[in-house]
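Trainee: Sharing a structure, written as structure tokens. Questions coming.
The values are calculated or read from the model by the stated rules, or taken from the named source; none is laboratory data. Note that the structure is predicted; figures quoted are calculated from it, not measured. When we count neighbours, we look across all protein chains shown, and the Cβ atoms used for this are built from the backbone with ideal geometry, even at glycine. Accessible surface areas use protein heavy atoms only, side chains included; no ligands, DNA or RNA. Shrake-Rupley method; radii C 1.70, N 1.55, O 1.52, S 1.80 Å.
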2 protein chains.
Amino acid sequence: MLENTIAAVGPLDEPAMTAARQLQARLTKPAGSLGVLEELSVRLAGLAGGCPPPVPDRAAVAIFAGDHGVHAQRVTPWPQEVTGQMVGNFLAGGAVVNTFARQAGASVTVIDVGVAGPLPVADPVDDVDAPDSFGPAMPRLVSAPVRRGTRDMTVTAAMTRQEARAAVEVGIGIAGDLVDAGAGILLTGDMGIANTTPAAALIAAFTGVDAVEATGRGTGVDDPTYQHKIEVVRAALRRHDPDPEDPLGVLAAVGGLEHAALAGFVLGAAARRVPVLLDGVIAVSAALAAAAFAPDSVAAMVAGHRSAEPGATVALRRLGLTPLIDLGLRLGEGTGALLALPVVTGAVRVLHEVATFDSAGVAEK
Amino acid sequence: MLENTIAAVGPLDEPAMTAARQLQARLTKPAGSLGVLEELSVRLAGLAGGCPPPVPDRAAVAIFAGDHGVHAQRVTPWPQEVTGQMVGNFLAGGAVVNTFARQAGASVTVIDVGVAGPLPVADPVDDVDAPDSFGPAMPRLVSAPVRRGTRDMTVTAAMTRQEARAAVEVGIGIAGDLVDAGAGILLTGDMGIANTTPAAALIAAFTGVDAVEATGRGTGVDDPTYQHKIEVVRAALRRHDPDPEDPLGVLAAVGGLEHAALAGFVLGAAARRVPVLLDGVIAVSAALAAAAFAPDSVAAMVAGHRSAEPGATVALRRLGLTPLIDLGLRLGEGTGALLALPVVTGAVRVLHEVATFDSAGVAEK
């Protein structure tokens with residue numbers, strides 16, 4: 001499944017991009033006056049292989065949730081059971097991601113890819129492509145645990161290669177299911193207490209920067225915890241010395257289950273030529289893995305926002321992506337991606353709806 | 001009317017802001033993790049005078065349209081009749097602002113405050129608070145011309161003080177009508193070929209920067225036209241030497257009818273304690289006038305985006321506002337404000353909808 005997905009990822013379609021540039025020039029506005037939105041519309045035409053590309057409606061947020069053995073190293077003051085409690089909050093509709101998803105008309109699917117503790121809800125579903133999958137319906141839970149949390153990466157590999165592959169394939173499967181159900185755009189979400197620690201390790205491993213550049217304060221840890229967190233990331237990298245040319249090996253050594261699943265989710269979107277809107281530092285660390293698996297997958301990625309985590313900026317620079325929004329968010333869950341969604345939708349709707357100079361009877365300069 | 005409106009503008013309510021900060025701290029997310037959105041929610045509570053502040057729904061874009069005598073100085077390659085033609089395009093729903101308004105569920109009201117040529121439409125309305133005023137209904141035209149375009153500010157004052165006052169009061173009236181009709185947030189829009197030239201003159205007059213810092217390329221003029229445009233702005237400022245302590249005098253000397261109306265629109269929103277989401281360089285030049293009339297009016301202003309026009313950044317800095325979005329837009333019409341609207345709405349909805357640690361049974365650190 002992973003190899004077939006990688007093989008299905010291809011480059012942008014140049015004729016469609018040329019057609020989008022030509023259409024932009026005929027619309028009733030000064031050339032270039034929509035700035036980044038014009039470039040984005042051209043790239044999405046290239047991804048779809050036609051102009052105009054489909055409006056990215058029926059947006060679907062997938063929140064991959066997992067726990068982390070490295071939590072034992074005290075890299076965060078939050079107890080590990082908060083991961084499962086927040087999954088309950090997502091399913092009850094009480095988290096920020098739910099508010100933003102309701103506002104944007106996006107569906108929310110929570111995927112338990114490896115929460116350690118018990119989940120406070122009773123009815124997981126495994127059919128994400130039911131007819132009522134989109135819009136204001138309640139969030140759904142998909143139970144797909146690969147293992148009940150990773151191992152402590154400072155002691156041993158976080159996962160086996162087989163577990164990492166299984167998590168990646170969970171993400172690929174979810175992406176495919178959501179696209180089959182009609183999603184025009186996929187949004188990354190994540191939940192996992194301590195998950196900025198493996199994200200920092202992934203970013204350092206894939207980009208080669210030092211742990212100090214890749215590591216941030218996550219939920220807002222104090223100075224001693226922050227210094228300790230950097231040392232934990234450094235120790236894990238020293239122990240495993242992961243090879244950035246071997247993304248499955250990197251994920252297994254220092255990743256998280258949700259990071260691996262998100263890498264697959266991004267690959268799955270790219271393989272289906274559907275845009276994937278990246279949230280914050282967890283998403284972009286996973287996107288580095290996706291890019292290592294299939295460099296052309298970057299063509300499907302849209303950076304939703306610039307997380308306050310410094311590692312996010314390191315990763316975005318390596319991916320060559322400029323985020324749409326920069327508001328100092330550091331919450332995760334998919335919140336930054338959801339705030340950026342109207343920009344993406346608007347960029348494409350312009351190609352569908354705006355009158356041309358000819359059709360509107362507006363003079364040109 | 002102007003004096004009464006100025007008198008009604010007051011400062012933010014501190015107890016409401018304290019209540020909003022305390023509520024933010026109890027919501028199920030790390031403290032501060034929503035970055036700018038948290039600060040914004042606190043300010044909007046202070047504006048409303050209560051916590052949570054009302055959700056800014058029933059958003060209303062007001063596009064003030066006018067023509068400019070300084071067009072005769074060849075500051076733009078676009079013919080003047082495009083102003084009226086674009087009004088027709090707005091009313092037919094074919095412009096970018098219409099696409100973004102439909103997407104955001106915002107109403108669009110076009111106000112002819114001084115278009116020079118004939119308008120290509122037949123049925124202006126003057127009742128903007130009809131029951132169907134919001135949502136996907138077609139845009140409406142309000143006919144309120146103060147004069148059929150300004151005079152050439154390089155030759156004489158653009159308007160008389162009486163005309164400037166009348167235009168300001170058109171804007172105050174529209175803001176009041178839209179709030180009466182239920183608008184929870186007002187968005188600024190503008191249309192007027194050559195209107196970045198008076199905007200630059202206003203920004204230079206109110207902030208004291210040189211014409212070269214306040215003047216941009218507008219729709220994208222070439223180098224010779226750009227140099228000439230700077231000289232035109234400089235010549236107008238030299239001729240009139242407007243006093244920044246006399247905003248009506250500044251507007252009359254070097255403003256535009258839509259700029260004056262937008263200054264009133266901002267004042268009207270502030271007087272009603274309803275947030276006003278500013279679009280680009282035309283809006284922020286008018287906002288400087290509003291701030292000169294009533295310094296506390298800044299409390300009601302939310303900067304939607306950072307226009308590519310350099311003068312916009314000069315004005316935002318003076319106003320002390322940080323824009324929500326920075327995507328290189330330079331279209332006007334209200335497009336940048338509309339793209340930022342979901343950020344504002346989301347910031348407030350968080351206060352209404354997100355569960356607290358207690359209510360959701362989520363542990364704290």
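Trainee: Write out the GluC sites (Glu not before Pro) in the stretch B:184-271 meeting two conditions: DSSP loop, and at most 16 other Cβ atoms within 10 Å of their Cβ.
Mentor: B:GLU245
Trainee: Shortest first and in nm to one decimal, what separations exist between A:ASP241 and its copies in the other chains, measuring from label points 7 Å along the Cα-to-beta-carbon line?
Mentor: 7.6
Trainee: In terms of modelled amide H atoms, which long-range or inter-chain residues lie less than 5 Å from the amide H of A:ASP190?
Mentor: So A:ASP190 has HN proximity to A:PHE64, A:GLU333, A:GLY334.
Trainee: Between the alpha-carbon centers of the stretch B:266-305 and the stretch A:231-272, tell me the distance in whole angstrom.
Mentor: 48 Å
Trainee: Taking the Cα centre as origin and putting +1 on Lys and Arg beta-carbons and -1 on Asp and Glu beta-carbons, what dipole magnitude results for the protein assembly as shown, to the nearest 20 debye?
Mentor: Approximately 700 debye in magnitude.
Trainee: In addition: Write down the percent of antiparallel bridges among all DSSP beta bridges whose residues are both part of chain B, to the nearest 5.
Mentor: Once the DSSP bridges in chain B are tallied, antiparallel ones form about 5 percent.
Trainee: List the distances, in nm to one decimal, from the label point of A:PRO120 to the label points of the same position in every other copy, shortest first, placing each label point 7 Å from Cα along the Cα-to-Cβ direction.
Mentor: 5.9
Trainee: Could you size up the charge dipole of the stretch A:59-345 around its Cα centre, putting +1 on the beta carbon of Lys and Arg and -1 on that of Asp and Glu, and report it in debye to the nearest 20?
Mentor: Values: 19 positive and 29 negative charges, 82 e Å.
Using only the charged Cβ atoms, the result is roughly 400 debye.
Trainee: Once the convex hull of the C-alpha atoms of the protein assembly as shown is built, how many Å³ does it hold per residue, rounded to a whole number?
Mentor: 142 Å³
Trainee: Between chain A and chain B, with a rotation axis joining them, whose C-beta in A is nearest that axis, and what is the whole-Å distance?
Mentor: Looking at chain A's Cβ atoms against the axis toward B, the nearest is A:PRO342, 2.
Trainee: In whole Hz, with x marking every Gly and Pro, tabulate ³J(HN,Hα) for the stretch B:188-194 from phi via Karplus 6.51 cos²θ - 1.76 cosθ + 1.60, θ = phi - 60°.
Mentor: 8, x, 7, 8, x, 4, 5
Trainee: Scaled to the compact-protein estimate 2.2 N^0.38 Å, what is the alpha-carbon radius of gyration of chain A, rounded to two decimal places?
Mentor: Compared with the compact-globule rule of thumb, chain A sits at 0.96.
Trainee: Give, ordered by residue number, each residue of the stretch B:18-32 whose 1.4 Å probe accessible area is reduced by a minimum of 40 Å² on adding the remaining protein chains to the chain alone.
Mentor: B:THR28, B:PRO30
Trainee: How far is the Cα center of the stretch A:1-44 from the Cα center of the stretch B:1-49, in Å?
Mentor: Cα centroid of the stretch A:1-44 versus Cα centroid of the stretch B:1-49: 40 Å apart.
Trainee: A further question follows. Provide the net charge surrounding A:GLY332, with neighbours chosen by a C-beta distance below 11 Å and charges set as Lys +1, Arg +1, Asp -1, Glu -1.
Mentor: That sum, taken over residues with Cβ under 11 Å, equals -3.
Trainee: Here is a follow-up. Per-residue ellipticity at 222 nm for the protein assembly as shown, helices alone: DSSP H runs ≥ 4 residues times -39500 (n - 2.57), over residue total, nearest 500 deg cm²/dmol? Numbers along the way, then the final one.
Mentor: Working: 30 runs with 352 residues, N = 730.
Calculated from helices alone, the mean residue ellipticity at 222 nm is -15000 deg cm²/dmol.
Trainee: Which one of B:ALA31, B:PRO145, B:THR225 has its Cα pushed farthest toward the positive end of the charge dipole of chain B, where Lys and Arg give +1 and Asp and Glu give -1 at the Cβ?
Mentor: B:ALA31
Trainee: Across peptide A:333-340, how many C-beta atoms of other chains are within 10 Å of each residue C-beta, on average? Display every interim value, and only then the final one.
Mentor: Details: counts 2, 0, 6, 2, 0, 2, 9, 4.
Taking all residues of A:333-340 together, the mean is 3.
Trainee: Follow-up question, since we're still on this one. Which is farthest toward the positive dipole end of the stretch B:59-345 among B:LEU278, B:ALA62, B:LEU327, measuring Cα position about the Cα centre, with Cβ charges +1 (Lys, Arg) and -1 (Asp, Glu)?
Mentor: B:LEU327
Trainee: Averaging sequence separations of C-alpha pairs under 8 Å and six or more residues apart, then dividing by the length of chain B, give the relative contact order as a whole percent. The partial results should precede the final answer.
Mentor: Details: 841 pairs, mean separation 85.0, N = 365.
With pairs under 8 Å counted, the relative contact order is 23 percent.
Trainee: Just subtract the alpha-carbon distance of A:GLN162 and A:ALA31 from 0.36 nm times their residue separation and send over the number in nm, one decimal.
Mentor: 42.1 nm
Trainee: Counting only complete DSSP H runs, which helices of chain A cover 27 Å or more along their long axis at the Cα atoms and score a mean Kyte-Doolittle of 1.0 or above? Walk me through the numbers on the way to the answer.
Mentor: Values: long enough: A:161-180 (28 Å, 0.25); A:335-353 (28 Å, 1.18).
Helix filter hits for chain A: A:335-353.
Trainee: Under the rule a/c < 1.5 gives rounded, and otherwise a/b versus b/c splits prolate from oblate, where does the stretch B:1-42 land using the Cα gyration tensor?
Mentor: Taking the square roots of the gyration eigenvalues as a ≥ b ≥ c, the stretch B:1-42 is prolate.
Trainee: Which distances in nm, rounded to one decimal and ordered from shortest, link the label point of A:THR156 to the equivalent label points in the other identical copies, with labels set 7 Å from Cα toward Cβ?
Mentor: Reported distances to equivalent positions: 9.0 nm.
Trainee: Now for a different question. Looking at the stretch B:217-365, what % of the alpha carbon pairs are farther apart than 24 Å?
Mentor: Tail fraction, whole percent: 41.
Trainee: As a test question: what accessible area, to the nearest 10 Å², does A:THR219 have when a 1.4 Å probe is rolled over all protein chains in place?
Mentor: 40 Å²
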